[in-house]
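Visitor: Would you mind keeping the following structure in view while I ask a few things?
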Amino acid sequence: MATAPVLGGKKTVDLDDAVFGLEVNEPLLHECVKAEAAARRALKLVEPTDLVTQHANALLMLADALEARGLGADAAAARGEAIAKLRAKGNLAAVARLGG
């Protein structure tokens, strides 16, 4: 088991090899970051418009990218915002498909 120093002190903490011993798949991580950047660009394009469905789709793309990066809470927030936009537009079929 690996250890790491605690910032500002002389203590160390044990790092579980099941988590910290894994190799990072750099090409996959790079693709996830590119997907997140593309989703954020799509959001910038649709935010000033009244294209609610496209805005929701961009939020869902962002949620998928964030989930792939392991950022579940941020992904859930983006998905929730997309569902709220679709519900406000009255697209209840899409809301139901998304489990909202």
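Laboratory data are not the source of any read-out in this text; all were calculated from the coordinates shown. Small disclaimer: the values here were computed from a predicted structure and weren't measured. We place every Cβ from the backbone using ideal geometry, glycine too, and count neighbours over all the protein chains shown.
Visitor: Take the Cβ-Cβ distance between Ala38 and Leu92 as r, set R0 to 25 Å, and report the resulting FRET efficiency rounded to the nearest 0.05.
Guide: 0.30
Visitor: Considering amide H positions built from the backbone, and no H for Pro or chain starts, which residues 5 or more places from Leu15, or on another chain, come under 5 Å of its amide H?
Guide: Those lying under 5 Å, H to H, from Leu15 are Ala2, Thr3, Ala4.
Visitor: Tell me the label only: which of [x] 13.4; [y] 15.9; [z] 14.0 is Kirkwood radius over Cα pairs in Å as calculated from this structure?
Guide: From the options [x] 13.4; [y] 15.9; [z] 14.0, the structure gives [y].
Visitor: Relative to the first principal axis of the alpha-carbon coordinates of the chain, what is the inclination of helix 72-89, with its axis defined by its Cα atoms, in degrees from 0 to 90 and to the nearest 10?
Guide: Helix 72-89 sits roughly 10 degrees off the main axis of the chain.
Visitor: Against the longest alpha carbon principal axis of the chain, how many degrees, from 0 to 90 and to the nearest 10, is the axis of helix 52-68 turned?
Guide: 20 degrees
Visitor: Return one number: the angle in degrees, 0 to 90 and rounded to the nearest 10, between the long axis of the Cα atoms of helix 26-46 and the longest principal axis of the Cα atoms of the chain.
Guide: Helix 26-46 sits roughly 30 degrees off the main axis of the chain.
Visitor: Once fully extended, how much extra length lies between Asp74 and Leu45, figured as 0.36 nm per residue of separation less the alpha-carbon to alpha-carbon distance?
Guide: Details: separation 29, 0.36 × 29 = 10.44 nm, distance 2.04 nm.
Between Asp74 and Leu45, full extension yields 8.4 nm more.
Visitor: Right, something else. What number do you get for the stretch 34-82 when its Cα radius of gyration is normalised by 2.2 N^0.38 Å, N = residues? Walk me through the numbers before you get to the answer.
Guide: Working: Rg = 10.0 Å, N = 49, 2.2 N^0.38 = 9.7 Å.
The reported ratio for this selection is 1.04.
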